[in-house]
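All of the numbers you see were taken from the coordinates with simple rules; none came from a lab. Keep in mind that what you see is a predicted model, and the values were worked out from it rather than measured. We place every Cβ from the backbone using ideal geometry, glycine too, and count neighbours over all the protein chains shown.
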Amino acid sequence: MPPMTKTPEPPVLVRVAAPATTANLGPGFDAAGLALDWTDTLELRVGRPPEPTSMSIAGTEAELLPTGPGNLIRQAMRALADAVGAELPPGHLTVVKGFPLGRGFGSSSAAVALGLLAARALLRPDLPDAAVLELANRLEGHPDNVAPCLAGGGVLCWQEGGQVHTARLPVHPDLTAVALIAASPLSTGAARAALPEAVPFELAARTAGRAALLGPALAGDFELLLPATDDQLHQPTRLAMDEVAARTLDGLRASGHAAFLSGAGPSLLVLCPADRREAVLRDAGTVLDGAEGWRAEPVGLARTGAIASVETEPDRAQGDGSAQGDGSA
């Protein structure tokens, strides 16, 4: 009797989408974040015959991202595989960037989420969300970015006993946003390095009072949006690094709009009810007049977070040959 041969697995397609985020929301430094209705997507094809892992990237500023093993998506996939003690199969990754890099909208969090969810779908679909969040925080380092990216909506987060904890922030269905996208990127590391090591007690108390208003403001008490997003803890230092951002934020807040640095900046975000968004866009255009490279765009709030799906492709060949493999995931 001839030896039995193993029937090869059919090709598999994993699709993942992850939203942009805005962190801090003004005074909620490292503790509050919202998911935005901008999306990065990943398609991962794994199939037969085995080929080296390859990657191609398209979309917004795709040319700035590496496609080799140093790519953050691929690093996240390897991290999850190591965590569950499994081996990643080779495949082809196709990424489409849907929002700007290095502008304060959580590109690194989205990349980490794409990689972790793709690897979980392939290797350990039963891995709890809490374990994915812990891995994401370890890789990205900013829970107020990774938590809303994974969960969607508004999220409060804190760390205790070495673990990340989160709580949902109710977000009113009429709440929306305007993004003021900076002309040039800013390193999150550089923005954080500029912060002071200590602040006066009075400033800390003021920040706590403003942050306490975020919950009711997001839930629908829109008159609280302006004071709830007022920050003197980290924004003044960071705004000093970008004159346009500082001038724009001051101008918008003087007009009654709830503007704040998105994440580490230099971009800004304005939260507003839907019926005020046109007024925000109009005033933003006035304030940004002459600021070369800056632009204002309406953006919704994403009520759902990163999501993955898996399907088999019995009759399709994997990959598209658009990137050369390097033999590692």
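Observations, loosely collected:
- Potential lengthening of the chain between E87 and E311 amounts to 78.7 nm, from the contour at 0.36 nm per residue minus the alpha-carbon distance.
- Dividing the radius of gyration of the alpha carbons in the chain by their Kirkwood radius gives 1.03 for Rg/Rh.
- On Cα atoms only, tilt of 72-84 relative to the major axis of the chain in degrees: 60 degrees
- For the chain, the longest principal axis of the alpha carbon atoms and the long axis of helix 129-140 meet at an angle near 70°.
- Potential extension, A193-A62 segment - 0.36 nm per residue separation minus Cα distance: 44.5 nm
- Nonlocal amide H pairs with H172, under 5 Å, H built at 1.01 Å: A219, G220
- Shape category assigned to the range 175-299 from the gyration tensor of Cα positions, a/c cut at 1.5: oblate
- The angle separating the long axis of helix 107-123 from the principal Cα axis of greatest extent in the chain is about 30 degrees.
- Point-to-point label distance, A240-D129, nm (Cα→Cβ direction, 7 Å offset): 4.1 nm
- Per-peptide packing, taken as the mean over residues of other Cβ atoms within 10 Å, places 134-146, 301-313, 66-78 in the sequence 134-146, 66-78, 301-313 from highest down.
- Protection-proxy order for peptides 231-241, 156-166, each taking the mean of Cβ atoms within 10 Å per residue, highest first: 231-241, 156-166
- Put a dot 7 Å past the Cα of F201, heading toward its Cβ, do the same for R138, and the two dots end up 3.9 nm apart.
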